[in-house]
Amino acid sequence: MDSSIINVVNLTIHAFLVGSLLLGLHRKIIARIQGRPGPPIIQYLLHTIKFYVKEITFPITAGNPLYIFVALLDVSVWLTALIIAIDLKSSLLIIIGIYVLQKIVEHGCGLSSGSPYGKIGGVRSVFSAAAEVPLFAVVAAIYLTTHSVLISDILNYQSIHGSLLFKMPICAFAFFILLVSKAPNSPFGIVKGKDIVSGYMTEHYGLLASIIYIAEAIAYFALLWIFIAVFIGPWVVSHPLITLAVMVGLTVILAFVNGLTPLLAPHHSVMLQMTIAGLVLCDVLYRLIMGG
Amino acid sequence: MENIIYSLYHPTMIIGFSVGILSLLAIGFQKDDLHALILADVVECAMLVIIAGVGTDLAEALILPGLVVSLAELLAVSEVLITRKHIQSKNHDSKKFKLFEEFKLPLHTGELKYDIEMEVLKTSPKFFAIILIVYGAILSGFTGGAVIATGLLFYALSQRVLGLNISDDVKTLWEGMAGLSGVAWAFWIFGFLGFFLFPKYWLVCLLMSGLGLVIKVGSKLGLVGYIGEVK
Amino acid sequence: MISSIIGQLFGIVPFGDIVFGFSEFSIIGFVVALIFTIVVYLTKPEKQLEAQKFRVEDKLEVVSLEELKIRRMMAIVCGIATAGAMLTYDLFDYALFLTLVGIANIGIVSAVKKDWVLNASYQYGLIAMIATLPLFGSAGMILAKTGTLSLFELPKIPTSLLFEKIIFAAGMAGETGIAPFYASKAEMFRAPGSPYILMIHLSSLLLIVRTVEILLTI
Amino acid sequence: MDEERKCGLYLLIIGLLCTFGIVMFKGMICYLLYVIAVPCLLYGIGSYLIPKTRRKNAGRLPFRGF
């Protein structure tokens, strides 16, 4: 057995616990903004454990085994992200591929159940994918600046030249928009908007919902880590406690953003994200013409 | 030799892209589904032009897959179009229009839709047919034969649209000409051989083969118009 | 140069002209496409509940067997083409795979007997046909400029390919139907039969990522 | 055995095989097997922890008129 696998197991459990607690904190802060006491911070973790022992049945309209497979894929996808980003510090491009697979999961969850609400959620996820994927033009800008998209190289570059946050603020902003889109209750969260019950998760309940919750906790941790590593710098990710502190800070910011903004209509959300992606593209072209 | 290829590269690019952009403009103006499909195919042809601009053996190897892929795409899209039209026609039970329907006479359709009693409908086919046949005879050769056949076809088809039968005299004449076409074929072959065997008499041979070909092609192609008459 | 983008390069499999390469990136893409193809093959299509106008009940829609079979075959073709596009290291080959995926996408929805779905797939087909011009055109121009189409050789040639890259990206956008051309494809996703529809979405998204990789490499 | 547990059994077998593979092999393949094993085990174990369904019409979506 490879000893590195033990690291990965550690990392998975760490990511799951920290991600769950941060999501609980996120919910608590939003409740306080709205003037309610809100649930305790461990609520997300409790939810996950509670749903893990709840019954499920397969809807007779569902298309099996896709119905189960997408839920399991969600976990696989974000575990891959953890390994690629944090353990191997490999290519940022693979992270895009993984984010894209997350969209596939949303789409597949929504459509495989046969429920009308899930279907609308799935179709909306296709919409938002059309707008969120162009946001990854960020990677091109990073490549033009650092001449590599490997996370380890980007960390090296930052330890020499200082953090990228001040060198490419537009790109950092675009990546931050991605974080906002992924966080719960976000203005761009058209996929899980309350107007369509729970969006793509409407028919995934009980055990399957618990598995998706686990994946989302890991996803939240992984995305925050990537943002911190790529834009803030190696001195933050070198020590777990500093990383945790910065993550809590980011969660507070995200919670304020999400708590104070209303849910956008689908086309408004897509238009806004496209506009930001256009800004990033302008930035990339500017860097290209000015010779990086 | 290479210089030619180099000098042709830029014009080829310009032509390819301008054809593409012009057909995109055309698609912008043309809202009909079928026309848009055909114009999109023109864009694909422009794609082949651009690849051909490379001008090496590799370009030739690239054109073939490009062509196959574009044809497959054309087939797929046209199949979708056909299925859609089929579904639409099932849904709406839309009225179908036949060729020249508005000119049909009451004796053909049984109902008097438009009050048409036009002299020109009866006389102009004959006039056009005669002009085409005479012009074809003057042209001679394969082209002339095709022109003659067009005249005959036009006459036969317009007679049928008017709901009239072709008169027996014309039919007999026609059959006679068709019988003659075998002889005309022999004329053409002999004229062609004569070119090589007796180069001195080239003018005679040319006239012979031209005449043979015009009669053969004209009568044979003109027979297409005669198909509907055979009982 | 290459390994700074796609991670470690494990090996190359040359089939004459067609070169397949295995890197961290392409292996993940290949495995994902293959697993999805298998799952799509195993999955029966879901039955959709459709809300109806002026009625209280929902209508249950069932996909018929003959419609299912041809769509499943096209979905598998689409999956195999996507897997191939992940591995290939030849620009023209990649463009061919892209177009093949486009054709398979049209094929997946063409068996649906619904007016609006067919209309959407027709519009998408037109865009895909038009997009072949920039796609193959830019491949041809790159060949004319550098004399090679191999993705291993192209980064070594110090020529600016900015214009060709932009055209290639435009062709890819049309062929996969992302943001600016999105309106043509959106209605296709409402067709019943989730596993096959999922394949359309998966193939285009994976191809976008792969195109980004190629454009950064060359 | 109902369908949920049958799926759970298959996934449990896959998960255990992958775990076995992780112990046996070294290198990249371990990561791949790990990524496959974790969700399979999650569902496989979970499907034996959940209670049997007590619904009357199992699998019917709770929708209007269906």
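Find which of C:VAL101, B:VAL54, C:ILE70 sits farthest along the positive direction of the dipole of the protein assembly as shown, computed with +1 on the beta-carbon of Lys and Arg, -1 on that of Asp and Glu, about the Cα centre.
Toward the positive end, the furthest listed residue is C:ILE70.
Rounded to the nearest 10 degrees, what's the angle between the helix A:240-260 long axis and the longest principal axis of chain A, both from Cα atoms, 0 to 90?
60 degrees
Where does the charge balance sit around B:GLY145 when Lys and Arg score +1, Asp and Glu -1, over other residues with C-beta under 10 Å from its C-beta?
Working: positive: B:LYS216, B:LYS220; negative: none.
Neighbour charge sum, excluding B:GLY145 itself: +2.
Counting DSSP beta bridges with both partners in the range C:9-217, what percentage is antiparallel, nearest 5?
Taking every DSSP beta bridge with both residues in the range C:9-217, the antiparallel ones total about 100 percent.
About its Cα centre, how strong a charge dipole does the range A:112-260 have in debye, to the nearest 20, once Lys and Arg get +1 and Asp and Glu get -1 at the Cβ?
Using Cβ point charges on Lys, Arg, Asp and Glu, the range A:112-260 gives about 160 debye.
Summed for both chains, how many Å² of accessible area, to the nearest 100, are buried between A and D with a 1.4 Å probe?
Using a 1.4 Å probe, the pair buries roughly 3100 Å².
Report Rg(Cα)/(2.2 N^0.38 Å) for the range C:68-107, keeping two decimals.
Relative to the 2.2 N^0.38 Å estimate, the range C:68-107 comes out at 1.16.
Using a 1.4 Å probe, what is the accessible area per residue for the protein assembly as shown, in Å²?
Counting only protein heavy atoms, the per-residue value for the protein assembly as shown is 46 Å².
Looking only at other chains, what is the average number of their beta-carbon atoms within 10 angstrom of each beta-carbon in A:197-206? Intermediate values should be presented prior to the final figure.
Working: counts 0, 0, 0, 0, 0, 1, 2, 0, 0, 5.
Mean partner shielding for this stretch: 1.
Assign unit charges at the C-beta atoms only (+1 for Lys and Arg, -1 for Asp and Glu), then state the dipole size of chain A relative to its Cα centre in Debye, rounded to the nearest 20.
Approximately 620 debye in magnitude.
So how do B:ILE133, D:ILE29, A:ILE154 rank on accessible area, 1.4 Å probe, biggest first, that is with the largest at the start?
Sorted descending by solvent-accessible area, the residues read D:ILE29, B:ILE133, A:ILE154.
Taking square-rooted eigenvalues a ≥ b ≥ c of the alpha carbon gyration tensor, is the protein assembly as shown rounded, prolate or oblate, where a/c under 1.5 means rounded and, failing that, a/b exceeding b/c means prolate? Please report the intermediate quantities before stating the final value.
Working: a/c = 2.68, a/b = 1.84, b/c = 1.46.
In terms of gyration-tensor shape, prolate.
Looking at this model, which pairs from C:LYS44/C:LYS113; A:LYS119/B:LYS31; C:LYS44/D:LYS6; D:LYS6/D:LYS56 are more than 25 angstrom apart at the alpha-carbon?
As for pairs spanning more than 25 Å Cα to Cα, those are A:LYS119/B:LYS31.
How many Cβ atoms of partner chains, on average, are near each residue of C:158-165 if near means within 10 Å of its Cβ?
That average works out to 1.
Roughly how much accessible area, to the nearest 100 Å², goes out of reach of solvent when C and D pair up, both sides summed, probe 1.4 Å?
Roughly 600 Å² of accessible surface disappears when C and D pair.
Just the accessible area for C:LYS69, please: 1.4 Å probe, Å², rounded to the nearest 10?
Its accessible surface works out to 120 Å², give or take rounding.
Could you sort C:ARG210, B:ARG160, A:ARG27 by their accessible area in this structure, using a 1.4 Å probe and putting the largest first?
Details: C:ARG210 0, B:ARG160 90, A:ARG27 115 Å².
Of C:ARG210, B:ARG160, A:ARG27, the descending order of accessible area is A:ARG27, B:ARG160, C:ARG210.
Please give the average number of partner chain Cβ atoms lying within 10 Å of the Cβ of each residue in C:24-32, rounded to a whole number.
Taking the mean over all residues of the peptide, I get 4.
Could you tell me what a quarter of the Cα convex hull surface of chain C works out to, in nm² with one decimal place?
Details: hull surface 52.1 nm².
With every direction weighted equally, the projected area is 13.0 nm².
Going toward the positive end of the dipole of the range A:147-292, with +1 on Lys and Arg Cβ and -1 on Asp and Glu Cβ, which of A:PRO266, A:MET168, A:SER198 do you reach last?
Going by the Cα projections, it comes out as A:MET168.
Measuring from a point 7 Å past the Cα of B:PHE195 along Cα-to-C-beta, which residues in the range B:123-155 have an amide N at less than 19 Å?
Backbone N within reach: B:139-146.
D:CYS30: accessible area at probe 1.4 Å, nearest 10 Å²?
Approximately 0 Å² of D:CYS30 is accessible to the 1.4 Å probe.
Over both sides of the C-A contact, add up the buried accessible area with a 1.4 Å probe and give it to the nearest 100 Å².
Result for this pair: about 3500 Å² buried.
About its Cα centre, what dipole magnitude does the protein assembly as shown give when the only charges are +1 on Lys and Arg Cβ and -1 on Asp and Glu Cβ, stated in debye to the nearest 20?
Approximately 2220 debye in magnitude.
If packing is taken as the average count of other Cβ atoms within 10 Å, what order do A:98-108, A:280-290, B:65-75 fall into, highest mean first? Each step should come with its number before you reach the end.
Details: A:98-108: 24.8, A:280-290: 15.5, B:65-75: 17.8.
Top of the packing list down: A:98-108, B:65-75, A:280-290.
For the range D:1-60, restrict the atom set to alpha-carbon positions and state the Rg and Dmax in Å.
Using the Cα atoms of the range D:1-60, the pair Rg, Dmax is 14.6, 50 Å.
Distance from the Cα centre of the range A:179-201 to that of the range B:170-201, in angstrom?
83 Å
Rounded to the nearest 10 Å², what accessible area does A:LYS167 have for a 1.4 Å probe in the complete protein model?
The accessible area of A:LYS167 comes to roughly 80 Å².
The values are calculated or read from the model by the stated rules, or taken from the named source; none is laboratory data. This one's a predicted model, so the numbers in the text were calculated from it and none came from an experiment. Ideal geometry is used to build each Cβ from the backbone, glycine not excepted, and the neighbour counts take in all protein chains shown. All accessible areas refer to the heavy atoms of the entire protein, side chains included, with ligands and DNA or RNA removed. Shrake-Rupley method; radii C 1.70, N 1.55, O 1.52, S 1.80 Å.
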